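Participant: I have a structure I would like to understand better, so I am pasting it below and will then ask my questions one at a time.
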Amino acid sequence: MEREEVKKRIAERFGGKVQIEQRSERRVFVYAENDIWVDLADFLFNELDARFDTGCGLDDRDGVEVMFFFPFDKEHYYVTVKTFARKPYPQLDSISNVITGAKWIEREIFEMFEVNFKNHPDLRPVLRSDTRPADFYPHKREGKDAHEMSRVKLDGWERFNEVKGKAPKGENP
Amino acid sequence: MVKKIPIGPFHPILEEPEFFELHVDGEKVVDIDITIGWSHRGIELLSESKTWDQVPFLVERVCGICSASHPYAYVLAVEDLLQVEVSKRAQYIRAIVAELERLHSHLLWTGLAGHFIGYNTVFMWCWKYREPVLDILEAVTGNRNHYATYRVGGVRRDVPQEEIPNIRKMLDELWKKNDMLTNAILDDPVIHARTKGVGVLGWDKCREYGALGPTARAGGYDVDARRDHQTDAYAELDWDVVLCQNGDVFDKAVVRQLENFEAIKIIRQCVDKLEAMGPGTEEDLVLEIGEIPPGEGLGVYEAPRGEVFHYVRSNGGNMPMRHKIRAPSFNNILTNEYSVLNYAVADAGLITAAVDPCYSCTERVGRVDTRTGERWVMSEGDLIKLSQEKTEMIRRSLRGK
């Protein structure tokens, strides 16, 4: 389906719930509100005949930006659908029940960013082993910062003493 | 009575661990649970600590077999962000390296599939025919794998003009060998009996699961990122997307064999164009790229196993703020939860291998009777033997007719 037609039909169907931006000949971005997220994915995949490619998360200060990519192969362009899952408990409805191929990528976004996909048929971590710490989400920025802080805090003498087992600086052994 | 057969996660001849738990009723597979993640290396996160120019070296290590496709998709993503188009010379060199990769990857799969069903001659042939391809890759890029050819704005080195006759000679010889191999596979009644109608994944299921590459095209799902997203020089070259209809293991093999011919056609055309251009200068190879501005870009390239997807986000710094990588096996392995159902255990290994996953089964296969709790262990060799015995049984019955 042609790009202009797709943009028109999305705007007609979802009105003020979406913002459509075309950045180049081959890239269309649709910013969607949370409550129409599943309907929009369903509309693109089942009514407009887009292919489902994959998804991606991106951690931000106030939430997690979640995006899914729908290529229109014959017309050589991508529609990227974006939404924002707010912290402290980011959650979205799962699109796996309308697009089976989204099952694993939602599991991945869950385990990397702690986005809870509601009504997902099997929301287990997909990439990392069962022995991972339950509350560690590698792509969450506060996780990285906390890790960095702990490392910095223990640098220098305190870290040296911890490793070597020596008495803290200033005390005479 | 349902039993569980775990396959995986480790296997010495394949490069990535995966775990398939088959639930079987007698010989028939009735359910499957797939687990991946034993070799999660955090490459996306690592990438966020590398400069834009270092990342291609990192992502070509995502997979040893797809070590051209990942950096290709990555540089396309950054070029999408920058909205630049690289020189024609760079486009041809990119296509040559990527298609050589496709040749050696498809030959590798055909060889392994041959081994799996007890055709060790096919295994030996394929690996022998693959060697000259790797030699040419070494002559052109300096390495048999990990080619370090792709960079944002072009390529790192030219194809030496003196190598062009060698490339042509290798392609001519490989065409004949691939022709012989294809005819041998297409005409063999045992291979027909062993692979036709096995592991069927039709058009509708391909679309539902987002199958990619030969796995999708075998089932008539017409996707190929090189054509669909007009990757570089591919839009102007003469080549076809190979498409079959049945979606079984046989068609998956046919798609790969016929794609070898298309890859040879593409390389020949690119080599002709490079020869006509003569030796190039540094400016012909790569654009001068300055700062990467804030923005986002996505790049897709059709790897041997299917479409590789890279997404990058820049905040204006010298490293990606976010880099998402999706390899085709991520989509294709999931299709096994449908395609393996209702087939025999002896076929399950072949079906799961038919998507050409970065897949590893195990050194040992434990078989558990869930009712009695009885356990017994089969080696990796036993599992392959089970598959090979089925081929031998079919061969004998065909001889008897």
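The values are calculated or read from the model by the stated rules, or taken from the named source; none is laboratory data. In this text the structure is predicted, and so the values were computed from the model without any measurement. Cβ atoms come from the backbone with ideal geometry, glycine included; neighbour counts cover every protein chain shown. Each accessible area value is taken on the protein alone, full model and side chains, heavy atoms only, with ligands, DNA and RNA left out. Shrake-Rupley method; radii C 1.70, N 1.55, O 1.52, S 1.80 Å.
Participant: Could you check region B:306-370 for helices (runs of 4 or more DSSP H) lying wholly inside it with 1 or more residues that are modelled with pLDDT of 85 or more?
Facilitator: Of the helices (runs of 4 or more DSSP H) lying wholly inside region B:306-370, those with at least 1 residues that are modelled with pLDDT of 85 or more span B:328-332, B:336-339.
Participant: Filter region B:4-33 for residues that are at pLDDT 80 or above and open to solvent by less than 40 Å² (accessible area, probe 1.4 Å) and give the result.
Facilitator: Selection gives B:L22, B:H23, B:V24, B:V29, B:I32.
Participant: If you don't mind, there's one more thing I want to ask. Only one of (1) touching a residue at least 40 places away in the same chain (Cβ under 8 Å); (2) among the polar types (S, T, N, Q); (3) at positive phi fails for B:Q83. Which number is that?
Facilitator: Answer for B:Q83: the failing condition is (1).
Participant: With the requirement that a residue be buried (at least 23 other Cβ atoms within 10 Å of the Cβ) and touching a Phe, Trp or Tyr at 6+ places or on another chain (Cβ under 8 Å), what does region B:115-140 give you?
Facilitator: B:L137
Participant: OK, next. Please go through region B:187-228 and pick out each residue that is among the aliphatic types (A, V, I, L, M), touching a residue at least 40 places away in the same chain (Cβ under 8 Å) and closer than 19 Å to B:A353 by Cα.
Facilitator: Scanning region B:187-228 gives B:V190, B:I191, B:A193, B:V198, B:V200, B:L201, B:A211, B:L212, B:A216.
Participant: Kindly indicate whether any position in region B:192-211 is within 16 Å of the chain's Cα centre (by Cα), under 28 Å from B:E337 (Cα atoms), crowded, with 18+ Cβ neighbours inside 10 Å and of a type in the set (S, T, Y).
Facilitator: no
Participant: Here is a follow-up. Can you tell me which residue among A:R107, A:R124 is open to solvent by 10 Å² or more (accessible area, probe 1.4 Å), free of Cβ contacts under 8 Å to residues at least 24 places away in the same chain, of a type in the set (K, R) and assigned to a helix (DSSP H, G or I)?
Facilitator: Checking each option against the conditions leaves just A:R107.
Participant: Determine which member of the set B:D232, B:D224 is open to solvent by less than 20 Å² (accessible area, probe 1.4 Å) and among the charged types (D, E, K, R).
Facilitator: Criteria check complete, one pass: B:D224.
Participant: Residue check, B:T182 against (1) touching a residue at least 60 places away in the same chain (Cβ under 8 Å); (2) closer than 30 Å to B:K28 by Cα; (3) under 20 Å from the mean Cα position of the chain (by Cα); (4) more than 14 Å from chain A (Cβ to nearest Cβ), all met but one. Which one?
Facilitator: Going through the list (1) touching a residue at least 60 places away in the same chain (Cβ under 8 Å); (2) closer than 30 Å to B:K28 by Cα; (3) under 20 Å from the mean Cα position of the chain (by Cα); (4) more than 14 Å from chain A (Cβ to nearest Cβ), B:T182 breaks only (2).
Participant: Please work out if B:T35 is of a type in the set (S, T, N, Q), in contact (Cβ under 8 Å) with a residue 24 or more places away in the chain and outside the structural domain of B:G295 (by TED's automatic domain parsing).
Facilitator: So B:T35 fits the description; yes.
Participant: Let me ask something else. With the condition kept exactly as written, say whether any residue in region B:235-251 is among the aromatic types (F, W, Y), within 23 Å of B:V97 (Cα to Cα), assigned by TED's automatic domain parsing to the domain that holds B:H192 and in a loop (DSSP other than H, G, I, E, B).
Facilitator: Taking every residue of region B:235-251 in turn, at least one turns out to be among the aromatic types (F, W, Y), within 23 Å of B:V97 (Cα to Cα), assigned by TED's automatic domain parsing to the domain that holds B:H192 and in a loop (DSSP other than H, G, I, E, B).
Participant: Does region B:295-310 hold any residues that are under 15 Å from B:F330 (Cα atoms), acidic (D, E) and within 11 Å of chain A (Cβ to nearest Cβ), and which are they?
Facilitator: Passing the criteria: only B:E307.
Participant: Just to be sure, is B:T231 of a type in the set (V, I, T) and either free of Cβ contacts under 8 Å to residues at least 12 places away in the same chain or over 24 Å from A:R26 (Cβ atoms) (or both)?
Facilitator: The answer is no for B:T231.
Participant: Do the conditions hold for A:A102, that is, is it within 11 Å of chain B (Cβ to nearest Cβ), in a loop (DSSP other than H, G, I, E, B) and closer than 26 Å to B:E337 by Cα?
Facilitator: So A:A102 does not fit the description; no.
Participant: Related question: Please report, ordered by residue number, the strands (runs of 3 or more DSSP E) entirely within region A:1-99 with at least 1 residues that are open to solvent by 10 Å² or more (accessible area, probe 1.4 Å).
Facilitator: Per the criteria, A:18-24, A:27-32, A:63-72, A:77-86, A:91-93.
Participant: For region A:49-65, name all the residues that are at pLDDT 95 or above and more than 10 Å from chain B (Cβ to nearest Cβ).
Facilitator: A:A50
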